2 protein chains.
Amino acid sequence: MQSRIKLVENMQFVGTADSGHAVVMDAPSSVGGTNAGSKPSELLLMALGGCSGMDVISILRKKKQDVTGFEIKVGGEPGEGHPKGFTEMHIEYIITGRNIDEEAVKRAIELSLQKYCLVGLTLGKGVKITDSYRIVREA
Amino acid sequence: MQSRIKLVENMQFVGTADSGHAVVMDAPSSVGGTNAGSKPSELLLMALGGCSGMDVISILRKKKQDVTGFEIKVGGEPGEGHPKGFTEMHIEYIITGRNIDEEAVKRAIELSLQKYCLVGLTLGKGVKITDSYRIVREA
């Protein structure tokens with residue numbers, strides 16, 4: 001796997017990868033950018049949420065769960081001082097649907113974070129990842 | 001810091017974060033997606049390259065280096081079997097410019113990976129990150 005990240009101007013970069021899709025990255029004005037794209041650290045959190053979200057929705061669909069909406073929130077606090085780095089991240093899974101089986105949700109999250117999600121397994125080597133879920137009942 | 005990742009349809013998700021920028025993610029057709037967005041694991045590599053790239057270009061500009069082009073390649077191989085995850089990543093920095101000081105480049109990369117780059121410091125807790133650079137002379 002390889003990604004190319006090319007400087008456009010100022011602090012703006014465009015990343016492209018094997019899938020052919022491009023992502024614009026930029027820094028906020030406080031550090032000399034113009035906020036004309038995602039911050040790299042935001043992409044890190046999105047990558048974790050998207051990766052695990054794909055696993056969880058796939059598993060829930062295989063288990064014939066009637067999911068009508070699905071959202072993931074990923075939070076993290078960068079450590080203090082230098083050298084720093086995220087030490088903890090939290091993922092909240094919010095599943096909306098009809099007659100959702102709580103056990104299926106718990107198992108799907110467990111399978112994703114412990115077995116399938118490449119981004120989670122990579123980050124989990126050095127970062128403590130905690131999770132929670134919320135099931136929203138739709139009539 | 002928090003990111004929200006919302007299911008659109010099938011395996012497509014849209015991530016948004018504090019900066020307000022959104023990124024589309026999708027899975028390849030081999031795993032049930034339609035390849036209508038970046039793969040989460042690609043975002044991980046792009047985040048690393050963008051983060052470190054911003055540091056390196058900032059430092060080189062402060063050191064009055066005449067950089068006319070800058071590209072970063074980030075590669076990684078997911079480990080085999082389950083559980084897996086990236087165990088190694090490599091960043092190549094390709095700097096094009098006039099009279100670029102090699103020592104300044106080496107120092108900028110070192111400062112980024114060891115001190116400033118939040119994504120690199122986070123991944124570096126569990127992944128071996130190696131780096132190399134190439135200076136392309138412009139007349």
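None of the figures in this text is laboratory data; all of them are computed from the coordinates on show. As the structure is a prediction and not an experimental result, all values here were calculated from the model. Cβ placement follows ideal geometry from the backbone for every residue including glycine, while neighbour counts extend to all protein chains displayed.
Tally up the residues in the stretch A:79-115 that are touching a strand residue (DSSP E or B) at 6+ places or on another chain (Cβ under 8 Å), assigned to a loop (DSSP other than H, G, I, E, B) and either surrounded by 15 or more Cβ atoms within 10 Å (Cβ to Cβ) or among the small types (Gly, Ala, Ser) (or both), please.
Residues flagged as touching a strand residue (DSSP E or B) at 6+ places or on another chain (Cβ under 8 Å), assigned to a loop (DSSP other than H, G, I, E, B) and either surrounded by 15 or more Cβ atoms within 10 Å (Cβ to Cβ) or among the small types (Gly, Ala, Ser) (or both) within the stretch A:79-115 amount to 4.
Sort out which residues of the stretch B:63-89 are facing chain A (nearest Cβ under 7 Å), under 20 Å from B:Gly126 (Cβ atoms) and hydrophobic (A, V, I, L, M, F, W, C), and write them in order of number.
B:Val74, B:Phe86
Within the stretch A:116-138, identify whether any single residue is free of Cβ contacts under 8 Å to residues at least 12 places away in the same chain and outside any loop (DSSP other than H, G, I, E, B), and answer yes or no.
So far as the stretch A:116-138 goes, yes, one or more of its residues are free of Cβ contacts under 8 Å to residues at least 12 places away in the same chain and outside any loop (DSSP other than H, G, I, E, B).
In the set B:Leu60, B:Leu48, which member is in contact (Cβ under 8 Å) with a residue 40 or more places away in the chain, farther than 17 Å from B:Arg107 by Cβ and more than 7 Å from chain A (Cβ to nearest Cβ)?
Criteria check complete, one pass: B:Leu48.
Among the numbered criteria (1) within 14 Å of B:Leu43 (Cα to Cα); (2) within 8 Å of chain B (Cβ to nearest Cβ), which single criterion is violated by A:Ala27?
(1)
For the stretch A:3-23, give me the residue count where each residue is under 21 Å from B:Thr34 (Cα atoms) and not polar (S, T, N, Q).
7
Just to confirm my filter: which strands (runs of 3 or more DSSP E) fall fully inside the stretch A:1-74 and include at least 2 residues that are surrounded by fewer than 16 Cβ atoms within 10 Å (Cβ to Cβ)?
On the way: elements: A:2-9, A:12-17, A:22-25.
Output list reads A:2-9, A:22-25.
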